[in-house]
1. Counting only C-alpha contacts under 8 Å and six or more residues apart, can you give the relative contact order of chain B as a whole percent?
2. Rounded to the nearest 20 Debye, what is the dipole magnitude of the protein assembly as shown about its Cα centre when Lys and Arg each give +1 and Asp and Glu each give -1 at the C-beta?
3. HN-Hα J couplings of segment B:291-303 from phi, Karplus 6.51/-1.76/1.60, θ = phi - 60°, integer Hz, Gly and Pro as x?
4. I need the phi-derived Karplus couplings for segment B:150-163: 6.51 cos²θ - 1.76 cosθ + 1.60, θ = phi - 60°, integer Hz, Gly and Pro marked x.
5. Enter the accessible area of B:GLU134 (Å², nearest 10), with the probe set to 1.4 Å and all protein chains included.
6. How crowded by other chains is B:291-302, given as the mean number of beta carbons from other chains within 10 Å of each beta carbon?
7. Starting from the Cα of A:LYS326, draw a straight line to each of the lysines and keep only those under 19 Å, dropping any in the same chain fewer than 8 residues away.
8. Please give the length that would be gained between B:PHE342 and B:ARG258 if that part of the chain were fully extended, namely 0.36 nm times their separation in residues minus their C-alpha to C-alpha distance (nm, one decimal).
Protein chains: 2
Amino acid sequence: MASSKEEGTMMVLDSMEWVLSAYVEGGLPTSDHLKLQKNRLTVSVDSIPDRHVLIQLLWLSVDPYPRTRMTGHLDGLYFPPFPLNQVVTGYGVGRVIRSKDSRYKEGDIVQNPFNPVAEYSVVPTDLIWKVDPESRVPLPDYLNALGVPGFTAWLGIEMIGKPKPGENVFVSAAAGGVGTFAGQLAKLKGCRVVGSTGSDEKVKILKEEFGYDDAFNYNKETDFDAALTKYFPSGIDIYFDNVGGKMLEAVLNHVNSRARIPVCGMISQYNQRLSEREGIRNLLNMVGKEVRMEGFLVASYLNHFGEFANEMENYMKQGKINSKHKIYYGIQNFLESFTSIFSSSSSNVGKVIIQVSKDA
Amino acid sequence: MASSKEEGTMMVLDSMEWVLSAYVEGGLPTSDHLKLQKNRLTVSVDSIPDRHVLIQLLWLSVDPYPRTRMTGHLDGLYFPPFPLNQVVTGYGVGRVIRSKDSRYKEGDIVQNPFNPVAEYSVVPTDLIWKVDPESRVPLPDYLNALGVPGFTAWLGIEMIGKPKPGENVFVSAAAGGVGTFAGQLAKLKGCRVVGSTGSDEKVKILKEEFGYDDAFNYNKETDFDAALTKYFPSGIDIYFDNVGGKMLEAVLNHVNSRARIPVCGMISQYNQRLSEREGIRNLLNMVGKEVRMEGFLVASYLNHFGEFANEMENYMKQGKINSKHKIYYGIQNFLESFTSIFSSSSSNVGKVIIQVSKDA
């Protein structure tokens, strides 16, 4: 894997990295689109531009949204397409190896939302920030409960959903990185929570390990309308939408008056061409039930991050939040781990992350 | 048409009324579905139940939403279907002829949101309210600027849209009862306002009489995406959605960050079977642009009616609001007037109402 050699002030680093070599119009990316390449970096301090650092990637978050950057045109999330023949990016935690920014020194651990999916890379310091060296939080938690998945769940449930005790909350992709927290946070607010997920095994885990009142396997209960009638005899007050498509349409037949639908993503649609995407035909229900549907981006709520982190850390210290991640080892597994998050039958529960370096 | 004869304390009233004799699955109702019938009412004070009044209908509001009550199943607006072989209802202003409620006396003018579409009818007093006899407002205004259309526009623009000066506002069905006010209210808040409507004549009227900055004929500019690119070079901040369907999908390609979409109805979809309704495939844009879409019903905001009425009356006194209605004369024209509001090529501008009685 990675190797480095100091030669005077010069480092020679062999870095494995993932390059997008062709856009993926529909379906999942394959090795035709994403290619693992070895890149030999020759780095001296002088060769690093000012306000840049050389980072060794330790942990990489495997998220669904970059799929929307692989289609070659601007998609609904409005992140620009990845340039072809360049290294793709993801949310990472890394270690500073060399610094050309006085705010960062060698050995600092930093988070970077747009880190190249590469063992080593030189990145601008504009978008990175330091992990508190006094923190006792295990690093993977920064990619999970205390990172984007936890914050996303918190924003959707607390800032947009505004749950009241006794309300009925439905979470799709409930066993995913965001869904596991969304359900637990809603439970902590006194709601009844039901989730949908892709296997019986995950249904069991949601109920036994994440406190879901109930859950169903959407690959088995394929009549979503019937399933929601069964699991929500009193209707749905909050739908935390991770998937869009047919499930959203079904939910709109079961919403209660003044229901809220925070939307953080629509994973069921990312692999579809726009023309093949499932249109929602019953938005009229939003009028009769006075539904509020609201999309949100984590980046817009960073001023609430402290409030979130306090609350979440307290819950964790009190043992009120269960946090799971599935770890893939080695950056060579990026493609496999990435496609796994779109597979309803994968065994993933919670956040999928890659331990990129053995030193992590 | 209507005739009445007093016979002692007994009145015999010949009342023309509209009965729904068959449900309309798709398309517009015809005389196969809605039948004009003559009903002879024999009414004595004793025959009126307590807390009921006998009303002579003077003015009837012709609204799109009752179409959703003619399909025979619960539709997205959640008003129950009209029972077959019964008189349909609409928003009316009428005169009390006989009263069995001490709060109402003969001659009182009342508003009734669910008045039978009948020249005379006995109605419960639960849902009616009195028009202030001191008011100098012409009665048709209670069905227009100072009634449901004006209030609907005000709620969508002010309560849900929350416009800021300089924002770009798009109103569909802009020449309709609600649209004419929505555009004017947004202009009064300092916004740039563009509307879509069904004829060149109405485009002209929107710009010349209702202060729209621009408007387009969607029957001519049928590539909605291209039209919105042209009319909204800086994107859309508020979309007042009256129509749903393809126009909503196009709008979602042109929304700015944090755009608001108040939805008061989706008239383009009312005549479609659910399976034929136009699905919205790009709701994912709501995430990337953090769009808030919110349905609303006038009935839920009655506590704001006073605030609205003050503001609207002030605007009217200052000549800042132009209010138009198209009047059909005689209840026999209900079917024609009702179908006209779904026709983009009709000459209707503003609210469509029927003057039911010559005494109005």
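The values are calculated or read from the model by the stated rules, or taken from the named source; none is laboratory data. This structure is a prediction, so every number in the text was calculated from the model and none was measured. Note: ideal-geometry Cβ built from the backbone for every residue, glycine included; neighbour counts use all protein chains shown. Each accessible area value is taken on the protein alone, full model and side chains, heavy atoms only, with ligands, DNA and RNA left out. Shrake-Rupley method; radii C 1.70, N 1.55, O 1.52, S 1.80 Å.
1. It comes to 17 percent, rounded to a whole number.
2. The calculation lands at about 280 debye.
3. 7, 10, 10, 9, x, 8, 10, 3, 4, 7, 10, 4, 5
4. Rounded to whole hertz, the list is x, 5, 4, 4, 5, 4, x, 6, 8, 6, 9, x, 6, x.
5. Accessible area, nearest 10 Å²: 150 Å².
6. Taking the mean over all residues of the peptide, I get 5.
7. Reachable lysines: A:LYS202, A:LYS204, A:LYS207, A:LYS351, A:LYS358.
8. Net length gain for the segment: 27.1 nm.
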